[in-house]
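Remarks on the structure that follows.
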């Protein structure tokens with residue numbers, strides 16, 4: 001790029017083609033493309049991009065290494081700060097974080113930091129390069145609850161400092177939302193997620209699956225009987241919300257969590273999967289977040305005609321612009337300013353139609369977005385045979401209710417300060433369990449901060 | 001991986017397994033369930049806990065072959081492993097957590113249908129260990145499907161067995177036994193616990209309602225996560241939607257919407273049937289399922 005204003009474009013699978021397969025949409029940069037893009041970086045003395053990164057990757061330094069084709073060094077720089085670069089390079093909302101601060105972005109395109117991060121991580125994986133740790137074991141045992149983004153990050157950072165870390169996971173597979181929520185076509189499970197979790201294991205982190213904290217064992221018992229000196233709770237926000245409208249228990253109504261868990265974790269999209277998924281012809285996905293886009297694009301790939309139903313307008317979409325763009329390209333339809341009021345069943349109690357009402361935007365509400373108000377007499381029906389509710393999730397109360405002295409907030413989240421400290425000594429928390437449903441990278445940032453706080457706590461304990 | 005220490009075949013369709021799972025065995029209580037995955041690609045099967053040995057670290061499950069996954073499980077033997085065994089899940093039975101003094105004052109009737117005898121057993125046994133003798137009705141289609149008779153007799157008060165075809169015990173449905181006990185024998189019960197096929201629990205509740213006997217039922221809807229994460233197992237109880245996996249599996253039978261629950265269980269019926277035929281008949285399956293099109 002001669003003038004350096006325009007970003008090196010990244011190759012994507014053709015929209016028509018990819019709408020019918022489960023392979024990754026974005027194909028990533030080649031070596032030459034990555035080097036060209038890296039050369040656009042101005043290597044700012046006071047890099048604003050780093051301040052936009054929740055895990056504070058030294059962005060200019062790794063991009064500089066890429067521009068010199070020293071990919072090994074670039075990976076070493078990234079892996080100092082992030083345990084999951086191949087994941088983040090794919091699912092972080094870079095456009096509102098690091099890339100939004102990029103000086104290049106003022107007059108032209110911001111540097112494609114996310115795509116470069118992904119390139120480096122993929123390059124390292126293909127070339128068999130692992131993150132290395134030189135810290136000697138310090139003998140202190142730390143328990144991490146949940147193997148999602150915050151737990152993996154916290155565990156990885158603590159292991160690098162020499163701690164003896166065990167992650168407890170309720171499901172049969174590690175990864176949390178990375179394996180049950182985000183679909184294969186956005187985040188490949190075997191090649192990317194498993195590989196990065198193996199990297200965390202290679203730092204010495206142990207992962208025990210099928211352990212439901214609060215049921216199989218409590219936090220108090222982990223600390224009193226199993227010798228863990230501190231605990232990090234990164235249990236996420238797992239409880240799906242429903243609309244509480246008539247017909248919601250009809251056959252063919254699913255939470256996005258169920259639909260995505262069946263297809264991602266249980267691989268129901270594959271012919272040989274033991275877990276079934278409901279094959280619908282016309283699917284409505286209710287909601288406007290990233291999870292709604294994921295569910296819609298998954299349903300599309302399973303052969304359905306898909307409509308996103310959202311009560312506000314496109315401007316208020318909580319989903320990343322790229323996800324909305326991809327969904328549109330693939331043929332997902334949008335019914336905006338529309339809110340479901342009832343799900344209608346046929347005589348066999350399967351979904352027949354979705355009755356909706358049109359909305360208009362009124363005064364801004366507490367979230368700062370204009371509040372949607374129903375237009376009287378605007379009710380109409382859309383024929384559907386499945387409805388997927390992607391309305392958000394709230395934290396599972398199981399851990400808080402079984403841990404003595406662990407305070408929760410009004411929103412049922414675990415109460416923690418900015419360092420992840422909870423009301424219980426030695427117990428830290430972060431990610432969606434504290435904030436309510438948010439992003440992978442914010443959870444990772446919280447895991448990182450908590451790892452530091454746990455280290456300080458153990459040192460001060462003497 | 002979790003070792004199968006013991007396997008007992010009770011009849012051609014029902015078997016029991018003791019699985020080595022110390023974390024589950026240490027805390028599980030009557031009324032709770034586990035999730036089992038047979039192999040690396042298996043589905044998550046929810047199974048009610050039938051017994052446990054805290055010292056040995058084993059949990060006993062009873063399984064009836066229904067779909068491909070349960071047939072796969074039946075094909076495993078002592079010394080083999082199941083891939084995953086998570087739990088204990090759900091809430092323990094109220095009988096176990098309520099004030100024992102209050103429980104002692106109650107005359108309790110259990111109504112078990114078929115495989116439901118297995119999850120009834122640990123509750124009756126728990127009561128027996130706490131000095132309470134409960135009456136138990138066991139219903140089954142036919143003699144061969146009556147399970148755990150000796151074990152149950154050893155821990156319960158009166159045991160009444162009934163079969164649909166009259167091949168063992170008396171002939172008829174469990175609801176007829178309830179009516180006879182109350183109306184003909186003048187028995188009084190303060191609480192009924194009914195576990196079995198959903199349709200049986202529905203009619204059991206219709207009967208006990210008539211006699212004003214509060215009734216607890218154990219629901220077994222379709223599940224995926226088993227930890228509150230997906231809502232697949234939701235059901236209507238009174239005017240609220242509950243998740244069987246974390247709010248149950250036991251609920252006030254007078255409040256459960258059984259018709260909705262029965263409908264929701266039918267969601268994947270054809271898919272499950274197809275998977276079963278494929279597993280059992282393999283390449284010899286020539287489209288007999290009527291769904292796959294192989295016969296056309």
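Observations, loosely collected:
- Residue within region A:418-425 that is at pLDDT below 90, in a loop (DSSP other than H, G, I, E, B), buried (at least 18 other Cβ atoms within 10 Å of the Cβ) and in contact with a helix residue (DSSP H, G or I) (Cβ under 9 Å, 6 or more places away or on another chain) present: no
- A search for C-beta distances below 8 Å between a residue of region B:253-266 that is more than 10 Å from every other protein chain (Cβ to nearest Cβ) and any residue that is crowded, with 17+ Cβ neighbours inside 10 Å and assigned to a loop (DSSP other than H, G, I, E, B), counting only pairs 6+ apart in sequence or on different chains, returns B:256/B:219.
- Members of region A:426-448 that are out of contact with any strand residue (DSSP E or B) (no Cβ under 9 Å at 6 or more places or on another chain) and either closer than 14 Å to residue A:55 by Cα or not in a helix (DSSP H, G or I) (or both): A:438, A:439, A:440, A:441, A:442, A:443, A:444, A:445, A:448
- Scan of region A:97-116 for residues that are more than 21 Å from residue A:188 (Cβ to Cβ), touching a residue at least 24 places away in the same chain (Cβ under 8 Å) and assigned to a helix (DSSP H, G or I), ordered by number: A:98, A:99, A:100, A:101, A:104, A:107
- Number of positions in region A:14-45 that are under 22 Å from the mean Cα position of the chain (by Cα) and either in a helix (DSSP H, G or I) or more than 21 Å from residue A:75 (Cα to Cα) (or both): 7
- Options A:62, A:119: the member that is assigned to a helix (DSSP H, G or I) and closer than 30 Å to residue A:300 by Cβ: A:119
- Those residues of region A:238-251 which are part of a loop (DSSP other than H, G, I, E, B), at the interface with chain B (Cβ under 8 Å from one of its Cβ atoms) and at pLDDT 85 or above, in sequence order: A:242, A:244, A:248, A:249
- Residue within region B:178-197 that is closer than 25 Å to residue B:245 by Cβ, outside any strand (DSSP E or B) and not assigned by TED's automatic domain parsing to the domain that holds residue B:34 present: yes
- The residues of region A:303-328 that are surrounded by fewer than 19 Cβ atoms within 10 Å (Cβ to Cβ), touching a strand residue (DSSP E or B) at 6+ places or on another chain (Cβ under 9 Å) and either in the same structural domain as residue A:441 (by TED's automatic domain parsing) or assigned to a loop (DSSP other than H, G, I, E, B) (or both) amount to a single one, A:313.
- Listed here are the helices (runs of 4 or more DSSP H) enclosed by region B:52-153 that have at least 3 residues being closer than 25 Å to residue B:175 by Cβ, in contact with a helix residue (DSSP H, G or I) (Cβ under 8 Å, 6 or more places away or on another chain) and assigned by TED's automatic domain parsing to the domain that holds residue B:197: B:117-129.
- Only residues that are touching a residue at least 60 places away in the same chain (Cβ under 8 Å) and either within 11 Å of chain A (Cβ to nearest Cβ) or under 17 Å from the mean Cα position of the chain (by Cα) (or both) were counted across region B:212-232, and they come to 8.
- Residue count for region A:185-200 satisfying the condition of being away from chain B (no Cβ under 14 Å) and surrounded by 17 or more Cβ atoms within 10 Å (Cβ to Cβ): 11.
- Lone qualifier among A:31, A:12, A:68 - being surrounded by fewer than 16 Cβ atoms within 10 Å (Cβ to Cβ) and touching a strand residue (DSSP E or B) at 6+ places or on another chain (Cβ under 8 Å): A:12
The values are calculated or read from the model by the stated rules, or taken from the named source; none is laboratory data. Here the structure is a predicted model, which is why all the values come from computation and not from measurement. With ideal geometry, Cβ positions are generated from the backbone for all residues, glycine too; neighbour counts draw on all protein chains shown.
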